[in-house]
Amino acid sequence: MSTQYAQRKRATIHLHPAEIVQPGQINCGGPFLPKGIEPTPQRLRCGVSSGNILSGEVTLVRMRNLRMMFAPVCLVLLLLLPALGQKAASAAKPDPTKPVRDAFERLLEGIRQADAAKVMSVYDNSPRTLFFNNNGTVTLGWETMKNNRESSYQKTKDVALEVKGVRVEMLGPAAAYISCTWTQSQIYDGKLENAAGRMTLIFKKVGKEWKVVHLHTSPSVPAADRPILDSEKTTQPAKQPSQYE
């Protein structure tokens, strides 16, 4: 038996309950333990070196410190993940009103350009498409309105159209309406014209496109001789767009 082996002895190591390691995690080779370590029932019996004990204690302390450092960070991340997920989902969700607004903008562009084809492309090509006109008349059918537009736009130029208080309301996956006030000036048949009014457009999704199936427009200030019920007469000024946007 060698001298080094003879110097080895069975020893006991006192470990804190949280630091008790499994067999095989402490190297049982090496010099005998220093004096001062007394056996107790909670000690792990093994032949170990003082260097191994110190190394194991330092490792355990470092692991505890790392756990204490990263625990708050992990907790914060767990709390933030649902909020971040909801934000990403909302950012990716498309605006359902956008295609309706796009169709409305094409209509405005066609009016400003006095382009009958562009204007009528926004309306549903149907004999049931209904127009309540600004002058109080009614036009029924896409073809009839197309002929009216082509006739009047031949004499129209320099159109300036401004809309305010544009409001888009979705009535379902295939229906919506837009309401607004408008002010328009133009040269018609060589004369300057000005008008202002309110407008409501009913949109319907036809295939993959949004089409207007009904237009209702009326003057902002009706004519004084317009027949209305006495109970509906008022002396209050008309509301401005900013009051009901």
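Each reported figure results from applying straightforward, stated rules to the coordinates on display, with no laboratory input. Note that the structure is predicted; figures quoted are calculated from it, not measured. Note: ideal-geometry Cβ built from the backbone for every residue, glycine included; neighbour counts use all protein chains shown.
Brief remarks follow.
- The alpha carbon gyration tensor of the range 98-222 gives principal lengths a ≥ b ≥ c with a/c of 1.5 or higher and a/b greater than b/c, which makes the shape prolate.
- Residue by residue, the range 150-162 carries 3J(HN,Hα) couplings of 4, 5, 6, 5, 5, 9, 10, 7, 6, 7, 10, 10, 10 Hz when phi is fed to the Karplus relation 6.51 cos²θ - 1.76 cosθ + 1.60 (θ = phi - 60°); x denotes Gly or Pro.
- Cross-link pairs exceeding 29 Å in C-alpha to C-alpha distance, out of 118/233; 98/155; 93/208, comprise 118/233; 98/155.
- The residues packed around residue 213, meaning those with a beta-carbon under 10 Å from its beta-carbon, carry a net charge of +2 if Lys and Arg are +1 and Asp and Glu are -1.
- Amide H contacts for residue 206 (H built 1.01 Å from N in the peptide plane; partners 5 or more residues away or on another chain; cut-off under 5 Å): 211.
- Difference of contour (0.36 nm per residue) and Cα-Cα distance, residue 155 to residue 185: 9.4 nm
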